[in-house]
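A.B. asks: Have a look at the structure that comes next, please.
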Amino acid sequence: MQNILVDDIVKYLELEIIYSGENDYIQTDTSDLNRPGLQFSGFFDYFASTRIQVVGKVEMMYLEGLDAGTRRERLRKYFEYPVPCVIISRGMMPPVEMLEEARYFKRPLLQSKLVTTKLINKAINFLDAVLAPLITRHGVLLDVYGVGILIMGESGIGKSETALELVKRGHRLVADDVVEIKKVSDNRLVGEAPEMVRHLMEIRGIGIIDIKSMYGVGAVLNHKAIDIAIFMEFWESGKEYDRLGLEEEYTNILDVMIHKITVPVRPGRNLAIIIEVAAMNDRLKSMGYHAARDLSDRLTSHIRAGGNE
């Protein structure tokens, strides 16, 4: 179970607090929601009580159609379960029995002015973001031609200096030094900077600089999906480096396979241009054109044609 602050839910979903419960947080482990129509009718088998509960117009009309004694009996049994909170849509007020039972069992009772469908969609988006698996990685994240580039490598290898050159060339910084990575779906990672150091960059010999203040709001982004992981390493004489790009390498981050490129670093190499080319090449591949494979196909056709002659 993960703790979620009630204030965060109220702020994001624009809710009103009818009753806040005894804690300033709720506990849930899923972004799925439950509409308790079956429970209000008295059926509690397979009740998803750990989900946030949403009461819409149908559920409310059913409750109001019950006599007071039956309504209290059903609601008492309902609130005996450890429901994280109950959100009532359309600005409807709860029956007095619901408010009293929520207070008795200390279950938060909230109200939204949205219609039920819009409330559910907005709540799922919020919970997906809050409950997403999260890790922190040492590196730099940028948006280069719309491609999310995560630059990684040893400390002092030149990640921040390369990122600064890319910002000067019109690309956008997301995070420097510390990247918080969330798994927002089965095959999608999104990175951002911790709030404390957002838009800041460390340049050895100069110190901390504010990219947003220095280059303008167009030079930064708050978050970006990660498409490529570029590993910078010092050039090793005699080591074989990929020169064609026929073989695709991947790295595993939070069980998501991200395209990996290893870039050897040595004096004279323009790393910013190399990263720009990597981003443009990735876009071409996503559109179906693979230059290395095209060359390989041409060579194969040429060899076959020569053999036929």
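A.B. asks: Need one number: convex hull volume per residue for segment 1-133, Cα atoms only, in Å³. Let's see the in-between values first.
C.D. replies: Values: hull volume 12.1 nm³, N = 133.
In segment 1-133, the Cα convex hull volume per residue is 91 Å³.
A.B. asks: Based on the alpha-carbon set only, what is the convex hull volume of segment 159-309 divided per residue, in Å³?
C.D. replies: Working: hull volume 24.8 nm³, N = 151.
Considering the Cα atoms of segment 159-309, their hull volume per residue is 165 Å³.
A.B. asks: Related question: Considering only DSSP beta bridges with both partners in segment 151-309, what is the antiparallel share in %, to the nearest 5?
C.D. replies: On the way: 17 of 28 bridges.
Restricted to segment 151-309, the bridges split so that about 60 percent are antiparallel.
A.B. asks: A further question on this structure: Let me know the volume per residue of the alpha-carbon convex hull for segment 242-309, in Å³. Before the final figure, lay out each step's value.
C.D. replies: Details: hull volume 9.3 nm³, N = 68.
Dividing the Cα hull volume of segment 242-309 by its residues yields 136 Å³.
A.B. asks: If you wrap the chain's Cα atoms in a convex hull and average its projection over all directions, what's the area in nm²? Each step should come with its number before you reach the end.
C.D. replies: Values: hull surface 94.9 nm².
Answer in nm², one decimal: 23.7.
A.B. asks: Which residues' amide hydrogens lie under 5 Å from the amide hydrogen of residue 21, considering only partners 5 or more residues apart or on another chain, with H built in the peptide plane?
C.D. replies: Long-range HN contacts for residue 21: 109.
A.B. asks: Can I ask one more? Cα to Cα, under 17 Å, and not fewer than 8 places away if on the same chain: which lysines meet these conditions relative to residue 159?
C.D. replies: 168, 260
A.B. asks: Which of 18, 116, 102 sits closest to the plus end of the dipole of segment 2-130, meaning its Cα is farthest towards the positive end, when Lys and Arg get +1 and Asp and Glu get -1 on the C-beta?
C.D. replies: 116
A.B. asks: What whole-number distance in Å separates the alpha-carbon centres of segment 266-303 and segment 131-187?
C.D. replies: 22
A.B. asks: For a footprinting-style exposure proxy, rank 59, 22, 192, 202 by other Cβ within 10 Å, fewest first. Write down the numbers at each step before the final one.
C.D. replies: Values: 59 22, 22 9, 192 17, 202 12.
With the fewest neighbours first, 59, 22, 192, 202 line up as 22, 202, 192, 59.
A.B. asks: Ordered by packing density, taken as the mean number of other Cβ atoms within 10 Å over each peptide's residues, highest first, how do 27-34, 177-184 rank? Spell out each step's value before the answer.
C.D. replies: Numbers: 27-34: 15.9, 177-184: 18.8.
Final packing ranking: 177-184, 27-34.
A.B. asks: Separate question: Just tell me which lysines come within less than 25 Å, Cα to Cα, of residue 77; anything on the same chain fewer than 8 places away is out.
C.D. replies: 57, 106
A.B. asks: Give me the aspartates and glutamates in straight-line cross-link reach of residue 118: C-alpha distance below 15 Å, same-chain residues under 8 apart excluded.
C.D. replies: Reachable aspartates and glutamates: 14, 32.
A.B. asks: Turning to a different aspect of this structure: Any idea what the dipole of segment 132-294 comes to, in debye rounded to 20, about its Cα centre with Lys/Arg Cβ at +1 and Asp/Glu Cβ at -1? Write down the numbers at each step before the final one.
C.D. replies: Values: 20 positive and 24 negative charges, 71 e Å.
Charge dipole of segment 132-294: 340 debye, to the nearest 20.
A.B. asks: Related question: Among 95-101, 203-209, how do they line up by average Cβ neighbours within 10 Å per residue, starting with the highest? It would help to have the intermediate numbers written out before the result.
C.D. replies: Values: 95-101: 18.0, 203-209: 10.0.
Averaged packing, sorted descending, gives the order 95-101, 203-209.
A.B. asks: Going by average Cβ neighbours within 10 Å, how do the peptides 7-15, 38-46 rank, with the highest at the top?
C.D. replies: On the way: 7-15: 15.7, 38-46: 13.3.
Put in order of decreasing packing, that is 7-15, 38-46.
A.B. asks: Then there's this: Set Lys and Arg Cβ to +1 and Asp and Glu Cβ to -1, take the dipole of segment 149-297 about its Cα centre, and tell me which of 151, 252, 162 lies farthest positive.
C.D. replies: Highest projection toward the positive end goes to 162.
A.B. asks: Of the beta bridges DSSP finds with both residues in the chain, what % are antiparallel, to the nearest 5?
C.D. replies: Numbers: 39 of 60 bridges.
Given both bridge residues lie in the chain, the antiparallel proportion sits at roughly 65 percent.
A.B. asks: What fraction, in whole percent, of alpha-carbon pairs in segment 121-245 exceed 26 Å separation? Can you show the working numbers first?
C.D. replies: On the way: 2015 of 7750 pairs.
I get 26 percent for the Cα pairs in segment 121-245 exceeding 26 Å.
Just so you know, all these numbers are worked out from the coordinates, no wet-lab data involved. Everything quoted here is computed from the prediction, not taken from an experiment. Positions of Cβ are generated from backbone atoms using ideal geometry, with glycine treated the same way; all protein chains shown enter the neighbour counts.
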